[in-house]
1. Once Rh is set to the Kirkwood radius over Cα pairs, what Stokes-Einstein translational diffusion coefficient, in µm²/s, holds for the stretch 181-315 at a temperature of 20 °C and a viscosity of 1.002 mPa s?
2. Taking the Cα centroid of the stretch 287-319 and of the stretch 7-80, what is the distance between the two, rounded to the nearest whole Å?
3. Set the Förster distance to 45 Å, then compute FRET efficiency between Glu69 and Thr44 from the Cβ-Cβ distance, nearest 0.05.
4. What size of dipole, in debye to the nearest 20, comes out for the stretch 40-153 about its Cα centre when the only charges are +1 on Lys and Arg C-beta atoms and -1 on Asp and Glu C-beta atoms?
5. Taking 0.36 nm per intervening residue step and subtracting the Cα-Cα distance, what contour gain separates Ala178 from Lys144 on full extension?
6. Let me spell out the model: positive unit charges on the Cβ of Lys and Arg, negative unit charges on the Cβ of Asp and Glu, origin at the Cα centre of the chain. What dipole size does that give, in debye rounded to 20?
7. Under 19 Å between alpha carbons, and skipping anything fewer than 8 positions from Lys179 in its own chain: which lysines qualify?
8. List the pairs from Lys25/Lys82; Lys50/Lys74; Lys6/Lys71 whose alpha-carbon separation is above 27 Å, in the order I gave them.
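Here, each number is a calculation from the coordinates, and none is a lab measurement. This one's a predicted model, so the numbers in the text were calculated from it and none came from an experiment. Ideal geometry is used to build each Cβ from the backbone, glycine not excepted, and the neighbour counts take in all protein chains shown.
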Amino acid sequence: MENLRKEMEKELENVVDINSYNNFKVLYFGKKGKVSELSSKMGTMDPTLKKEYGMKLNELRTEMTNALENKLAKIKEAELNKKLASEKIDISLPATKVDLGSPSILEKVIEDFEEVFMSMGYDVVDGPEIEEDKYNFELLGLPKGHPARDAQDTFYVKGDELLLRSHTSPVQARTMLAKGGNEPVRIICPGKAYRRDDDDATHSHQFTQIEGLLVDKNIKLSDLKGTVTIICKKLFGEDTITRFRPSYYQFTEPSVEMDISCFNCKGDGCNICKKTGWITIGGAGVVNYDVLRGCGYDPDIWSGFAFGFGAERCAMLKYGINDIRTFYNVDLRETKTFDRKENE
Ligand code: PHE
């Protein structure tokens, strides 16, 4: 046993890493290790010697185990120090700058619209961007061959039945048909629309509209005016004045063009409003009886109003953006300026 102790003490000096630690453990404490070998000798030993021998062997086992575990702690500490040294951070180095994005201004404006309309009891609904001719035109009073179809230069997907919707108004027809003609409707639908426009500062072949439809009993043009006025005051400032100019759409009668007083010059005339004091933000009107009827609502009982805001236009006005393409060319430097304006 004394020889073994000496051997172990000497061998312990060679334990310098996890490998030598494991080897040591197997060699002495393993099932067939040298310490176990000694303890198996006890089986044939004289009982009077056995007790003392057992105690001594235990002592040796405890002592050596402790010494070995101390070694392990040291090995681990050394390894950690080595790792820390290799991963040392030089705090004098200039930091790598990570450019953070910011919320899209267009999304922000749409969310603002949604919030105000939802507070007035409107649901936000969706519709397909690849649309059938029936919903985009036919049910809205624009049968095939109607000259007003030309004003909405349309992208056709397949034959003349499937197209990229040229406005969000098909959602009006879809919603009324889905409701079945016996209950009021109160929805807005923000979404993309497509027209074969040449892209320039104020036109884009893809743009965003915020469609709205309300159908109930005794709905009049004055209800539309009241609703739109409240919305515009909430979105563009309490001192905003609205103006409704006669216009023409097949699916509304009467139809109007919606203007707001220029928030920049407050009506005096400036570059933003082209010196008129007014800015057009969309089209609207009282839902045409034929449209109501075609979509399952009896016009003797029901009436309604509909509107379509140009979302990019509203965002451009609100944030002083003069090129619609800004919304589609992602440039972090630009979005960051909007973010700053938003927080001012
Ligand atoms: N859909 C029309 C357009 O794109 C706008 C509109 C919507 C007009 C709803 C009246 C009612 O020009």
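1. On the way: Rh = 15.9 Å.
Diffusion coefficient, whole number: 135 µm²/s.
2. Each part's Cα centre sits 89 Å from the other's.
3. Between Glu69 and Thr44 the formula returns 0.90.
4. Values: 16 positive and 24 negative charges, 426 e Å.
My answer is approximately 2040 debye.
5. Working: separation 34, 0.36 × 34 = 12.24 nm, distance 2.38 nm.
Length difference between fully extended and current span is 9.9 nm.
6. Details: 49 positive and 57 negative charges, 303 e Å.
The dipole magnitude comes to about 1460 debye.
7. Filter leaves Lys134, Lys217.
8. Values: Lys25/Lys82 24 Å; Lys50/Lys74 36 Å; Lys6/Lys71 17 Å.
Flagged as over cut-off: Lys50/Lys74.
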